[in-house]
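Colleague: Below you'll find the structure I mean.
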Amino acid sequence: MTLRLQAVTKRFGALVAMDALTLEFRPGRVTSVIGPNGAGKSTLINLCAGSYRVTSGRILLDGLELQQAEKHVIARAGVARTYQNIRLFDGMTVLQNLDVFLYPEIVGQTFAEVFRPRLSRQIKLQRSARCMELLERFDLDRYAGQLAGDLSYGNQKLLEIARAIVLRPKVLMLDEPAAGLNHGETHQLMKKLRELIRPDLVMLVVEHDMNLVMALSDHIFVLHQGKLLFEGTPAEIQTNRAVQEAYLGSPGENDQIREAARRRENRVRIRADADITRHRSGAA
Amino acid sequence: MTSESAASTRPPPNRAAGRIRALLIVAATLGALVLLVPQLATYHVRVIDTVLIYVLLGVGLNMVVGYAGLLDLGYVAFYAIGAYSYAILASGQFAIHLPFALILLIGGCLAGLAGVLLGIPVLRLRGDYLAMVTLGFGEIVRLLLNNQVWLTNGPQGISRIDEPFLLGVGLNTPKDFFWLLLPLVAIALTLAWRLEQSILGLGWAAIREDQDAARGIGIDTTVAKLLAFGLSATLGGFAGVIFAAFQRFVDPVSFSFWESLTIVLIIVIGGLGNLVGVVVGATVLIIVPELLRGYSEYRMLLYGCALVAMILLRPRGLIDRRYNPAWLMQVLGWR
């Protein structure tokens, strides 16, 4: 399955967030989308997930037109996403956070679960086994019974990715998976993300951490003000002058990190500030 | 929950022995009740019956408020629909005299239908706005009962309601109703608990936590919410039918806003989303006012103070989430 954007435009009032953009995301590889703030990266994910509606253009997942489908229909078609700001179900346990992702698949069994206890025990064991296996892959199995809200920030990020792949999606869109993580955690994340690559999975990553992007991506789209500025392999991106000027290594990068941190909660802010300090000392 | 995962790593205990123990405890409790209840004064049994009816209502409202996180302040409307179903279909009002069990079914269905009908317009509302609309719905139903005199006999209410028969046995005294209510409450609690544990229950929890994210993972929130409204209202309808058969008289005063508030208080004080909390909440909120009957004009003041105290001291309710039916089953040795 290939995810295609055909001449997609998105306007917010007078602001053109995405300008007749045509992109193609192929399965079996990691495609990253980078660009300065306001380039339209998150807008892209929100459009594909059905959170926003396109102003014009089409978004195709093979034959399926995503641009007019309901959010839950898109999710059921195999499009999964994570959020820039973590959106776990804090009041539910880690295992329940995964379990609930099976909802579209097994909600029809509710009647059996309520009225046929023996069958329901079986159903529950099955779904827990499937989810526990995934938790083990992300080294989260020992937290299964804890409330998701009590996890550390890094583990919450991992859990978010784990739950996105419970239903074996065809498209996985990660919105800044490394934001707020320290170096060790980012490294850990990269390893996990590499393990997720499957020949039939479209993986779309929006990320500010250039080390992660360069190391992980097979193909990169550089957006600038809603338009495609450049596309190519990490090596090509790094040597392209236009990209250099528009984005990479620009002094605005620290501001972006800080701006991203401002939108998050306190504990995250502290960690992001530490990141900025490290960033600066690393650059100097 | 942590104890559950710890239990799964241990070798499984002898389940059969545990089950026999649990059944013995339940049987002993039942035996004690059979011996004890006939000894009690009618007044006391009447109070216990009231508690059981409120447990039913609490379990029902808990589905919407506790599980799905939708604050419903007009729940009494479904209670009223159930009660008036029995009053109209089993009295001299229209000279219709249907059997009790049939009306239980009709009342439940009518209330469930009303629940879905209320659910459809309020699907897009959350929090305060939802509370206001549901509050209005409760008042509309009460005013209809008050003013549609041809149907409901208005403020005078409907009296001389038929004596209910179930399987040929007449239900007359509070003691009869105790034996009707006890198994019904047990069934309602069991089914509600299984529902809470089911995938639909998890879906409701997800909606409660973050509705947009819930939709993002493929939960059809429309269907899930309407199911919550419908099932919850159905239970309210059942409780209403039994209430009317129990009182043998209904009037609109029984279904005021305060009644809705009492049911909300039951689940908030007991512990939102916790069935053990519902039982404790209903017991406390019905028995304490009975004990303080001499000061009944202060009842709402007492409720208000209790609510403020709860919010300050135990915002999650009297009963901690840990003490849920799973914990109870473990104590009894069921698993």
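Colleague: Among the residues of segment B:229-240, is there at least one that is hydroxyl-bearing (Ser, Thr, Tyr), farther than 30 Å from A:ILE161 by Cβ and within 14 Å of another protein chain (Cβ to nearest Cβ)? It would help to see each step written out before you state the result.
Modeller: Of segment B:229-240, the ones hydroxyl-bearing (Ser, Thr, Tyr) are B:232, B:234.
Checking the rest, the ones that are also farther than 30 Å from A:ILE161 by Cβ come to B:232, B:234.
Subset that is within 14 Å of another protein chain (Cβ to nearest Cβ): B:234.
Yes, that holds for at least one residue.
Colleague: Taking A:ARG26 as the residue in question, decide whether it is surrounded by fewer than 21 Cβ atoms within 10 Å (Cβ to Cβ) and farther than 19 Å from A:ILE220 by Cβ.
Modeller: no
Colleague: Quick check on this structure: which one of B:VAL141, B:VAL223, B:VAL149 is within 14 Å of chain A (Cβ to nearest Cβ), out of contact with any Lys or Arg (no Cβ under 9 Å at 6 or more places or on another chain) and of a type outside the set (D, E, K, R)? Talk me through it step by step, then tell me what you get.
Modeller: Working: B:VAL141 fails: within 14 Å of chain A (Cβ to nearest Cβ); B:VAL149 fails: within 14 Å of chain A (Cβ to nearest Cβ).
From the options B:VAL141, B:VAL223, B:VAL149, the qualifying one is B:VAL223.
Colleague: Might you let me know whether segment A:25-32 holds any residue that is modelled with pLDDT of 90 or more, part of a loop (DSSP other than H, G, I, E, B), among the charged types (D, E, K, R) and not assigned by TED's automatic domain parsing to the domain that holds A:LYS124?
Modeller: Yes, because at least one residue in segment A:25-32 is modelled with pLDDT of 90 or more, part of a loop (DSSP other than H, G, I, E, B), among the charged types (D, E, K, R) and not assigned by TED's automatic domain parsing to the domain that holds A:LYS124.
Colleague: Criterion first (among the polar types (S, T, N, Q) and within 25 Å of B:LYS225 (Cα to Cα)) does B:THR152 satisfy it?
Modeller: It is false that B:THR152 is among the polar types (S, T, N, Q) and within 25 Å of B:LYS225 (Cα to Cα).
Colleague: Of everything in segment A:96-120 that's of a type outside the set (Val, Ile, Thr) and touching a Phe, Trp or Tyr at 6+ places or on another chain (Cβ under 9 Å), which residue is nearest to the other protein chains (Cβ to nearest Cβ)?
Modeller: A:GLN96
Colleague: Which one is modelled with the lowest pLDDT among residues in segment A:162-194 that are within 13 Å of A:ARG81 (Cβ to Cβ) and touching a Lys or Arg at 6+ places or on another chain (Cβ under 7 Å)?
Modeller: A:ALA164
Colleague: I'm told B:VAL284 meets every condition in (1) closer than 30 Å to B:MET329 by Cα; (2) surrounded by fewer than 22 Cβ atoms within 10 Å (Cβ to Cβ); (3) within 14 Å of another protein chain (Cβ to nearest Cβ); (4) not polar (S, T, N, Q) except one. Can you identify the failing condition by its number?
Modeller: (3) is the only condition that B:VAL284 fails.
Colleague: Which numbered condition trips up B:TYR67, out of (1) within 17 Å of B:PHE243 (Cβ to Cβ); (2) buried (at least 24 other Cβ atoms within 10 Å of the Cβ)?
Modeller: Evaluating B:TYR67 over (1) within 17 Å of B:PHE243 (Cβ to Cβ); (2) buried (at least 24 other Cβ atoms within 10 Å of the Cβ) leaves (1) as the failure.
Colleague: A further question follows. Working only within segment A:46-84, note down all residues that are of a type in the set (A, V, I, L, M, F, W, C) and more than 10 Å from chain B (Cβ to nearest Cβ).
Modeller: Of everything in segment A:46-84, those that are of a type in the set (A, V, I, L, M, F, W, C) and more than 10 Å from chain B (Cβ to nearest Cβ) turn out to be A:LEU47, A:CYS48, A:VAL54, A:ILE59, A:LEU60, A:LEU61, A:LEU64, A:LEU66, A:ALA69.
Colleague: What residue, of B:ALA83, B:ALA41, B:ALA111, is touching a Gly at 6+ places or on another chain (Cβ under 6 Å) and over 27 Å from B:LEU200 (Cβ atoms)?
Modeller: None of the others qualify; the one that does is B:ALA83.
Colleague: Cβ contacts < 9 Å: first residue within 14 Å of chain A (Cβ to nearest Cβ), restricted to segment B:171-191; second residue loosely packed, with under 14 Cβ neighbours inside 10 Å, any location; separation 6+ or different chain. Result?
Modeller: B:LEU191/A:PHE115
Colleague: Does B:ILE207 satisfy the condition of being crowded, with 20+ Cβ neighbours inside 10 Å and either within 10 Å of chain A (Cβ to nearest Cβ) or in a helix (DSSP H, G or I) (or both)?
Modeller: Spelling it out, B:ILE207 is indeed crowded, with 20+ Cβ neighbours inside 10 Å and either within 10 Å of chain A (Cβ to nearest Cβ) or in a helix (DSSP H, G or I) (or both).
Colleague: Same structure again: Just to be sure before I move on: is B:LEU113 assigned to a helix (DSSP H, G or I), surrounded by 15 or more Cβ atoms within 10 Å (Cβ to Cβ) and out of contact with any strand residue (DSSP E or B) (no Cβ under 8 Å at 6 or more places or on another chain) in the structure I sent? Give the steps one after another, and end with the answer.
Modeller: On the way: assigned to a helix (DSSP H, G or I): yes; surrounded by 15 or more Cβ atoms within 10 Å (Cβ to Cβ): yes; out of contact with any strand residue (DSSP E or B) (no Cβ under 8 Å at 6 or more places or on another chain): yes.
For B:LEU113, the condition - assigned to a helix (DSSP H, G or I), surrounded by 15 or more Cβ atoms within 10 Å (Cβ to Cβ) and out of contact with any strand residue (DSSP E or B) (no Cβ under 8 Å at 6 or more places or on another chain) - is met.
Colleague: Taking the options B:GLU290, B:GLU259, name whichever one is at pLDDT below 90, surrounded by 19 or more Cβ atoms within 10 Å (Cβ to Cβ) and closer than 30 Å to B:ILE103 by Cβ.
Modeller: Result of the check over B:GLU290, B:GLU259: B:GLU259.
Colleague: For the subset of segment A:128-170 comprising residues that are more than 10 Å from chain B (Cβ to nearest Cβ) and among the hydroxyl-bearing types (Ser, Thr, Tyr), which member is surrounded by the fewest Cβ atoms within 10 Å (Cβ to Cβ)?
Modeller: A:SER152
Colleague: Pick from A:LEU66, A:LEU60, A:LEU47: which is more than 24 Å from A:GLU176 (Cβ to Cβ) and within 19 Å of the chain's Cα centre (by Cα)?
Modeller: None of the other options fit; the residue is A:LEU60.
Colleague: What are the residues in segment A:107-155 that are outside any loop (DSSP other than H, G, I, E, B) and in contact with a strand residue (DSSP E or B) (Cβ under 9 Å, 6 or more places away or on another chain), if any?
Modeller: A:TYR143, A:LEU147, A:ALA148
Colleague: Next up: All but one of (1) out of contact with any Phe, Trp or Tyr (no Cβ under 9 Å at 6 or more places or on another chain); (2) within 14 Å of chain A (Cβ to nearest Cβ); (3) part of a helix (DSSP H, G or I) hold for B:ARG194; state the number of the condition that does not hold.
Modeller: Answer for B:ARG194: the failing condition is (1).
A quick yes/no check of all residues on (1) under 13 Å from the mean Cα position of the chain (by Cα); (2) in a strand (DSSP E or B):
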{"position": "A:PRO169", "(1), (2)": "yes, no"}
{"position": "A:ALA179", "(1), (2)": "yes, no"}
{"position": "A:LEU189", "(1), (2)": "yes, no"}
{"position": "A:LEU204", "(1), (2)": "yes, yes"}
{"position": "A:HIS208", "(1), (2)": "yes, no"}
{"position": "A:PHE221", "(1), (2)": "no, yes"}
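Colleague: Can you confirm whether segment B:131-152 contains a residue that is within 22 Å of B:PRO164 (Cα to Cα) and either hydroxyl-bearing (Ser, Thr, Tyr) or at pLDDT 90 or above (or both)?
Modeller: yes
The values are calculated or read from the model by the stated rules, or taken from the named source; none is laboratory data. In this text the structure is predicted, and so the values were computed from the model without any measurement. Cβ: placed from backbone, ideal geometry, glycine included. Neighbour counts: every protein chain shown.
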